[in-house]
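The values are calculated or read from the model by the stated rules, or taken from the named source; none is laboratory data. Here the structure is a predicted model, which means the values were calculated and not measured. As a convention, Cβ positions derive from the backbone with ideal geometry for all residues, glycine included, and neighbour counts pool all protein chains shown. These accessible areas exclude ligands, DNA and RNA; they are computed on the full protein's heavy atoms, side chains included. Shrake-Rupley method; radii C 1.70, N 1.55, O 1.52, S 1.80 Å.
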Amino acid sequence: MQEITHTASPVFKSAHAESEVLNRYKEHLRLWPVPNEQSYIPTRQGNTFVVASGPKSAPPIVLLHGTMSNAASWMREVTTWAKEFRVYAVDVIGDAGLSAPSRPSFASDAHALWLSDVLDGLDVPSASVIGTSMGGAIALDFAMRLPERVDNLVLICPGGVADKSIIWWALPLLLLGPWGARKVRERIIGKFPEPESDEAKKFAELTDLTFKNMVPRTENLPSFTDEQLARLTMPVFVLLGGRDVTMDSDVIKRRFERHIPHAEILLDPNARHYLGDRSAAIAQFLRRAYSADDAVE
């Protein structure tokens, strides 16, 4: 595919900030807990970085992280999923990973076409797509526009369904440096316990460095309509936190129950935007979905 050049939005505060974050990220990727292959896939938005794990002949799943993050956010879950699935952890464009810095509008079809290019480059006709937060909004948009490419859809605290505005209180704090960034994270995901392993400590340091050096996105995610939600006929699993300050989880639950009655919904009343490791529950959902599909065939 011929690569199209785009004017990139600034993802990091400076060239030095970019180098600092991405070098630390590359170091962290060496800790990937299972055998893996790392590659760049050419797309119309520029090159996209992907970490592939698990048996090549297994059902494929594609992982889309949240904003101000990268594929490293899935390192705990991949240990579970790579046992029985071919896992592709994708660095979303325009974020804190190794993919192109392009930030096309969420209101367009650009992200869906980008992800379609990624699947083409991986030679994957269709896959289960797992997205969290911003990645959940991208997954939803992709499933609505190109449903034939989505076998199963897993949405973890997905954006674009019942979002709350946080920029009015988050942006002033982010301008206060590391202290403010820490306060934003604590309000969104709660206070993290002290890391129990060296790998967890290094990921916490990478996260701190990212929040310090990255320019946050200011564009609102798309607001999906009831009609759009009702188009989703593939198996859907939604995981939500009852204390999520970035979205109204009760409204999300009601909208999915009303318009996607076949969706499975798990709402943890005590969880915030970060739900912790739910890889076992997601693996069980995928097993059921694929078993049902095999039975129909």
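Residue check: is residue 158 surrounded by fewer than 21 Cβ atoms within 10 Å (Cβ to Cβ), outside any helix (DSSP H, G or I), at pLDDT 95 or above and out of contact with any His (no Cβ under 6 Å at 6 or more places or on another chain)? Spelling it out, it is not the case that residue 158 is surrounded by fewer than 21 Cβ atoms within 10 Å (Cβ to Cβ), outside any helix (DSSP H, G or I), at pLDDT 95 or above and out of contact with any His (no Cβ under 6 Å at 6 or more places or on another chain).
Provide a single number: the residues in the range 226-245 that are open to solvent by less than 20 Å² (accessible area, probe 1.4 Å) and in a loop (DSSP other than H, G, I, E, B). Residues in the range 226-245 being open to solvent by less than 20 Å² (accessible area, probe 1.4 Å) and in a loop (DSSP other than H, G, I, E, B): 3 in total. Listed by first and then second residue, the pairs linking a residue in the range 34-60 that is under 30 Å from residue 103 (Cβ atoms) and in contact (Cβ under 8 Å) with a residue 40 or more places away in the chain to a residue that is in a strand (DSSP E or B) and acidic (Asp, Glu), with Cβ atoms under 9 Å apart and 6 or more places separating them unless they lie on different chains, are 50/37; 52/37; 60/151.
Within the range 241-295, the set of residues being closer than 29 Å to residue 54 by Cα and of a type in the set (Val, Ile, Thr) comprises 265, 282.
All conditions but one from (1) outside any loop (DSSP other than H, G, I, E, B); (2) within 13 Å of the chain's Cα centre (by Cα) apply to residue 87; the one that does not is (2).
What do you reckon, is residue 67 modelled with pLDDT under 95 and assigned to a loop (DSSP other than H, G, I, E, B)? Yes. Collect the residues in the range 105-155 that are small (Gly, Ala, Ser), outside any loop (DSSP other than H, G, I, E, B) and closer than 23 Å to residue 73 by Cα, keeping them in residue-number order. Result: 112, 116, 121, 127, 128, 131, 135, 136, 137, 139, 143.
Beta carbons closer than 8 Å, at least 6 apart along the sequence or on distinct chains, never pair a first residue in the range 1-25 that is open to solvent by 90 Å² or more (accessible area, probe 1.4 Å) and hydroxyl-bearing (Ser, Thr, Tyr) with a second that is assigned to a helix (DSSP H, G or I) and modelled with pLDDT under 95.
Condition check for residue 40 on (1) part of a strand (DSSP E or B); (2) farther than 18 Å from residue 28 by Cα: one failure, at (2).
For the range 161-174, taking the residues that are assigned to a loop (DSSP other than H, G, I, E, B) and open to solvent by less than 20 Å² (accessible area, probe 1.4 Å), the one that is modelled with the lowest pLDDT is identified as 162.
Within the range 46-76, the residues that satisfy the criterion of being over 14 Å from residue 90 (Cα atoms) and open to solvent by less than 40 Å² (accessible area, probe 1.4 Å) are 54, 58. Against the test of being surrounded by 22 or more Cβ atoms within 10 Å (Cβ to Cβ) and either in contact with a Ser or Thr (Cβ under 6 Å, 6 or more places away or on another chain) or among the basic types (Lys, Arg) (or both), the options 117, 91 yield a single qualifying residue, 91. Looking across the range 128-149, the residues that are hydrophobic (A, V, I, L, M, F, W, C), touching a helix residue (DSSP H, G or I) at 6+ places or on another chain (Cβ under 7 Å), surrounded by 23 or more Cβ atoms within 10 Å (Cβ to Cβ) and touching a residue at least 40 places away in the same chain (Cβ under 8 Å) come down to 129, 130, 138.
Looking at the range 194-223, which of its residues are of a type in the set (Ser, Thr, Tyr), outside any helix (DSSP H, G or I) and closer than 28 Å to residue 107 by Cβ? Listed by number, the residues that qualify are 218, 223. Of everything listed in (1) surrounded by fewer than 16 Cβ atoms within 10 Å (Cβ to Cβ); (2) modelled with pLDDT under 90, the single unmet condition for residue 223 is (2). The lone criterion from (1) at pLDDT 95 or above; (2) assigned to a helix (DSSP H, G or I); (3) farther than 24 Å from residue 78 by Cβ left unmet by residue 283 is number (3). The lone criterion from (1) part of a loop (DSSP other than H, G, I, E, B); (2) at pLDDT 85 or above left unmet by residue 265 is number (1).
Screening residue 289 with (1) surrounded by fewer than 15 Cβ atoms within 10 Å (Cβ to Cβ); (2) assigned to a helix (DSSP H, G or I) gives one miss only, at (1).
When you look at residue 142, is it within 16 Å of the chain's Cα centre (by Cα) and not polar (S, T, N, Q), yes or no? So residue 142 fits the description; yes.
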